[in-house]
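Structure record follows, encoded as structure tokens.
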Amino acid sequence: MKTIGIIAAMESEMQGLVAKMENVQVHTHASLPYYCGTLCGASVIVCLCGVGKVNAAMHTQILIDRYAPDCIIQNGVAGSLSNEVSCFDIVIGSELVYHDMQSWVLDQFEPLQQSYQADAELVRIASESIPQAHIGRIATGDQFVSEAQHRARIAQQTHALCTEMEGCAVAHTATLNEVPFLVLRSISDMADGSAQVDFPTFAQKAADRAVELLLQMLPALAQ
């Protein structure tokens, strides 16, 4: 049986998974819980990492070092950067980039990269399990994007479908450790002037949708 690591930044993004787990054991690393058990026939470790790139990278490394997962899925909500991607749509991240690091820094300082490619087999499984999903680039930065001008700048800079605060850090860490990864995001807001209204209203519904669709994927991931 494959072991799948699942990382979420907020409790709202993981509680639906934990509620359905069986044979659960809870461990604490760096002050946050790791739920180990079975889910949809797969051996899983569901980790709460907290918001932001540092937290995401730290807990991805802990997950890899302590549990040696066969793959890592980062699951949660995001803000749309495209008018073609609406609230509650799902984005499968085929490629992850930072939007808050200068391009020349990424070029000149190892082991940084301009982008991080998700595992092709995981992208395939996700796309077959969630045929209505968008597939493309996701942009990560330590900023909650809530202004139209800021949204437009990131969209022009990255050509990404959505923006969030953890995915590329997970991708970066997994890539350096040669662990297959995938980032799966549900759109909670449009990352523009309406974000402050949309986010508290729609974040839980978007998170629940991401959980629902991840559950559809797990049997295929476990094979």
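The values are calculated or read from the model by the stated rules, or taken from the named source; none is laboratory data. Note that the structure is predicted; figures quoted are calculated from it, not measured. Positions of Cβ are generated from backbone atoms using ideal geometry, with glycine treated the same way; all protein chains shown enter the neighbour counts.
For the stretch 212-221, does any single residue satisfy the condition of being modelled with pLDDT under 90, in contact with a strand residue (DSSP E or B) (Cβ under 8 Å, 6 or more places away or on another chain) and over 18 Å from GLN74 (Cβ atoms)? Yes: the stretch 212-221 contains one or more residues that are modelled with pLDDT under 90, in contact with a strand residue (DSSP E or B) (Cβ under 8 Å, 6 or more places away or on another chain) and over 18 Å from GLN74 (Cβ atoms).
The set of residues from the stretch 201-212 being aliphatic (A, V, I, L, M) and surrounded by 19 or more Cβ atoms within 10 Å (Cβ to Cβ) comprises ALA206, ALA207, ALA210, VAL211. Report every pair of residues separated by at least 6 positions or lying on different chains whose Cβ atoms are under 7 Å apart, first residue within the stretch 119-142 and charged (D, E, K, R), second surrounded by 17 or more Cβ atoms within 10 Å (Cβ to Cβ) and assigned to a helix (DSSP H, G or I). Short answer, once both residue conditions are applied: ARG137/THR158; ASP142/LYS53. If the condition is being of a type in the set (Ser, Thr, Tyr) and either assigned to a strand (DSSP E or B) or at pLDDT 85 or above (or both), then the stretch 175-211 contributes THR175, SER186, SER188. Taking the listed residues THR163, THR140, the one that is under 27 Å from ALA42 (Cβ atoms), within 13 Å of the chain's Cα centre (by Cα) and among the hydroxyl-bearing types (Ser, Thr, Tyr) is THR140, with no other qualifying.
Here the condition is being closer than 16 Å to VAL183 by Cα, under 13 Å from the mean Cα position of the chain (by Cα) and among the small types (Gly, Ala, Ser); of SER127, SER80, SER115, SER94, it holds for SER94 alone. Within the stretch 4-35, the residues that satisfy the criterion of being among the hydrophobic types (A, V, I, L, M, F, W, C) and either farther than 20 Å from ASP208 by Cα or part of a loop (DSSP other than H, G, I, E, B) (or both) are ALA9, MET10, MET14, ALA19, MET21, VAL24, VAL26, ALA30, LEU32.
Residues that are buried (at least 19 other Cβ atoms within 10 Å of the Cβ), touching a strand residue (DSSP E or B) at 6+ places or on another chain (Cβ under 7 Å) and not aliphatic (A, V, I, L, M) were ranked within the stretch 37-49; the one that is farthest from GLU212 (Cα to Cα) is CYS49.
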